[in-house]
Amino acid sequence: MEPTTKNNLVQLIEYKEYYEPFISNFHLPPEKLQFTCYPLEKINDPNLSKESIHVLILNKDIPVGYFALESGAKVLKYTKNLNARLLTAFSINHDFQGNGFAKKALHLLPCFVSKNLKNVNEIVLGVNKRNTAAINLYKKTGFVDHNEVFIGPSGEQHIMHLGIPLEKD
């Protein structure tokens, strides 16, 4: 079966301003905000590399989640791989949590990256050691923890890696 960036009704798309009204109503409870930020905070962050990509997780055509794939010097804090991107600000709107959207989105990630980011062969991320639910989710969806640690603003982060197969021309 041909890989796709859709999983039944769930798909990953690059953020467009059209979706701003939908994600401006994004709700995250305080216990989640200690580990992430609101999508518009990340999208409007002036310190983000211009090559960074903002990705929406859609269910049907409704944005239910968001993450960024960052490039630039920040990535090198997590890996020496110059062809890697850093996944940040991964979140599912609280109103849609518990429906498997995070897992489906992460399963779609390798295909999305292959199609949209030529030469990127790895996704890395830092996940707070206290965020065991996220650590387990990332492991279930193919991320590998090599016991590397990064000390971030909110404490110790496990660095996790996901290999991306490069598309052949």
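Checking the structure you have, find out if any residue of the range 115-133 is farther than 18 Å from L56 by Cα, of a type in the set (S, T, Y) and at pLDDT 90 or above.
Yes: one or more hits.
Filter the range 79-108 for residues that are touching a residue at least 40 places away in the same chain (Cβ under 8 Å), open to solvent by 30 Å² or more (accessible area, probe 1.4 Å) and farther than 14 Å from H27 by Cα and give the result.
Selection gives N81, N99, K104, H107.
Looking only at the range 21-45, which residues are within 18 Å of the chain's Cα centre (by Cα), open to solvent by 80 Å² or more (accessible area, probe 1.4 Å) and of a type in the set (D, E)?
E41
Go through (1) over 24 Å from L166 (Cα atoms); (2) more than 15 Å from the chain's Cα centre (by Cα) for L58 and report which single condition fails.
All conditions are met except number (2).
Filter the range 120-154 for residues that are farther than 12 Å from F90 by Cβ and assigned to a loop (DSSP other than H, G, I, E, B); which is most open to solvent (accessible area, probe 1.4 Å)?
P153
If I ask for residues that are more than 11 Å from the chain's Cα centre (by Cα) and within 18 Å of K77 (Cβ to Cβ), which ones from the range 110-126 would you list?
V120, E122, listed by residue number.
When both residues are 6+ apart or on different chains and their Cβ atoms are under 8 Å apart, which pairs have a first residue that lies in the range 156-169 and is in a loop (DSSP other than H, G, I, E, B) and surrounded by 20 or more Cβ atoms within 10 Å (Cβ to Cβ), and a second that is at pLDDT 90 or above and hydrophobic (A, V, I, L, M, F, W, C)?
So the pair list comes out as I164/V113; I164/V120; I164/I123.
Does the range 110-119 contain at least one residue that is open to solvent by less than 20 Å² (accessible area, probe 1.4 Å) and farther than 19 Å from I53 by Cα?
no
The values are calculated or read from the model by the stated rules, or taken from the named source; none is laboratory data. Predicted model, so just to flag it, every value in this text is computed and none were measured. With ideal geometry, Cβ positions are generated from the backbone for all residues, glycine too; neighbour counts draw on all protein chains shown. Side chains are part of the model used for accessible areas, which takes the heavy atoms of the whole protein and leaves out ligands, DNA and RNA. Shrake-Rupley method; radii C 1.70, N 1.55, O 1.52, S 1.80 Å.
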